[in-house]
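**Q** For reference, the structure I am asking about is given below.
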Amino acid sequence: MNPSPDTLTRRNFLRMASTAAAATTAGFPLLSLADGLAPRRKLGVALVGLGNYSEHQLAPALARTKLCRLAGLVSGNPVKAAAWARKWDVPARSVYRYEDIDRVADNPDIDIVYVVTPPSLHREFVVRAAKAGKHVISEKPLAPTVADCDAMIEACRAAKVKFSVGYRLHFDPYHRELMRLARSGELGGFDDMVSEHSFRMRFDNWRSNRALSGGGPMMDMGIYVIQGALMAQNEVVPVAVTAYEEPKQNPERFVDVEESMRFTLEFPNGAVMHGGSNYDRPEDRFWLRAKKGWMDFPASAYSYQVKYCATSRGPLSFPIAAYPYQQAAQMDDFADCLLTGRETPVPGEMGRRDIRIVQAIYQAARTGKRVVL
Ligand code: NAD
């Protein structure tokens, strides 16, 4: 007999759900439980790092989720954390300093820890959250090195918690249509791609400090170009890369990271992506030619709200009113994975895959040689 939602404790519900058959990853959004057997309470998310992305994207997105809620805060700034707690109604017992993050282990209100600090700190907080028995999401880029990624993945495996990378575009309708077209082969396969994702960095922060960022725009923005290419190639990784750093326009600001990177990804089927990323001019475009058609995101290709995509079949346009909040869909999907036992379509391994490609690009730029993956 299936218990009714009212007779389920949350613990029983999670146990029961984890044995449920894995749901399909097709379709959008992937909320197999949200509209039917809902949990007694929404899953609690603790944000680690209350900077720009947490403040302007993730916290507002959490207010729009169906299966999650903002339940905890981890910050190095008690004054900021207290203001957040008041604004978002988070009790004082669920507000932590970075050094106390391990204490989330004793907090039953927190199910998921979402790490939103500079990339070099992702590893430490992911490992500590996993050891505290919490499921984890880490922002992109997953970590500066493949070894860091491996340590994070292993910590989550050992703790039997789920681990996801914050790849919001996998929950965007335009990018899902791109993935659908790639899977179905309706356009005959994408074989020639050009893309650039860049912005003009006006103020210095951790992004130009290698010790915190792990690298320059290639790590920060170029990783979206890699994601786009792999979506178009059904997540098949490139076989080789070539790359070069453009001369620095502001060498005094970009001392130990690149200011600009241009790279080529070669795929096993012969497809090629010519990509670029830099910190000195805004660009956000993605053009793809397939054997029987094409797609063109002339602007906002990787933005929080993709506005338009032209295709050989006519314009692709999703009405703004029906456009999902990418981060809300992303977090709801992860919660749904926890509740159903389904695997996330954006696991830590996908973040690791892309760091491996980024590192090969850095090696190619450093050596001037084609690097085989
Ligand atoms: P930010 O500088 O605005 O915020 C970083 C936060 O980390 C701040 O609260 C800061 O106080 C804290 N922090 C802790 N230790 C720190 C240290 N030693 N040095 C500097 N800051 C420290 O940065 P952000 O733009 O919010 O980026 C945070 C993370 O989110 C990064 O991994 C970034 O790549 C990612 N991000 C993702 C997206 C996306 O679209 N998925 C967009 C923006 C940022």
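Each value in this text was obtained by applying a stated rule to the coordinates, not by laboratory testing. The shown structure was predicted, so the numbers you read here are calculated from the model rather than taken from an experiment. Here the Cβ is made from the backbone with ideal geometry for all residues, glycine too, and neighbour counts use every protein chain on show.
**Q** Counting only C-alpha contacts under 8 Å and six or more residues apart, can you give the relative contact order of the chain as a whole percent?
**A** Values: 762 pairs, mean separation 75.6, N = 373.
It comes to 20 percent, rounded to a whole number.
**Q** Mind checking the stretch 104-204 for chymotrypsin sites (Phe, Trp or Tyr not before Pro) that DSSP puts in a loop (not H, G, I, E or B) and that have at most 10 other Cβ atoms within 10 Å? Don't jump to the answer; show the numbers that get you there.
**A** Numbers: sites: Y114, F125, F163, Y167, F171, Y174, F190, F199, F203; in loops: Y167, F199, F203.
Those that pass, being in a loop and sparsely packed, are F203.
**Q** Same structure, new question: By the scheme Lys and Arg +1, Asp and Glu -1, what is the net charge of all other residues having a beta-carbon under 12 Å from that of F297?
**A** -4
**Q** Suppose the chain between R356 and D109 were pulled fully straight at 0.36 nm per residue; how much longer would it get relative to their current alpha carbon spacing? The partial results should precede the final answer.
**A** Values: separation 247, 0.36 × 247 = 88.92 nm, distance 3.53 nm.
Fully extending the segment from R356 to D109 adds 85.4 nm.
**Q** Hey, got a sec? Which trypsin sites (Lys or Arg not before Pro) in the stretch 159-206 land in a DSSP loop and have at most 13 other Cβ atoms within 10 Å?
**A** Details: sites: K160, K162, R168, R176, R180, R183, R200, R202; in loops: K160, K162, R200, R202.
Listed in order of number, the matching sites are K160, R200, R202.
**Q** Right, something else. Which far-off residues, 5 or more places away or on another chain, put their amide H under 5 Å from the one on G72, with H placed in the peptide plane?
**A** Those lying under 5 Å, H to H, from G72 are V45, A46, L47.
**Q** Please give me the summed charge of the neighbours of H122: other residues whose Cβ is under 10 Å from its Cβ, Lys and Arg +1, Asp and Glu -1. Let's see the in-between values first.
**A** Details: positive: R123, K140; negative: E124, E139, D148.
Cβ neighbours under 10 Å give a net charge of -1.
**Q** Here is a further query. Just tell me which lysines come within less than 17 Å, Cα to Cα, of K134; anything on the same chain fewer than 8 places away is out.
**A** In chain and number order, the partners are K42, K160, K162.
**Q** Counting other Cβ atoms within 10 Å, which GluC sites (Glu not before Pro) in the stretch 271-373 have at most 14 and lie in a DSSP loop? Before the final figure, lay out the partial values.
**A** Values: sites: E283, E343, E349; in loops: E343.
Answer in residue order: E343.
**Q** Which residue, G215, G276, G188, tops the fluctuation ranking in a GNM of the chain built on C-alpha contacts under 10 Å?
**A** With Cα springs under 10 Å in the chain, the top fluctuation among G215, G276, G188 is at G188.
**Q** Exposure proxy check: S300, S164 ranked by fewest other beta carbons within 10 Å? Don't skip to the end; give the middle numbers.
**A** Values: S300 16, S164 26.
The most exposed by this proxy come first: S300, S164.
**Q** Related question: Between the stretch 187-201 and the stretch 136-175, what is the C-alpha centre distance in whole Å?
**A** About 23 Å separates the Cα centre of the stretch 187-201 from the one of the stretch 136-175.
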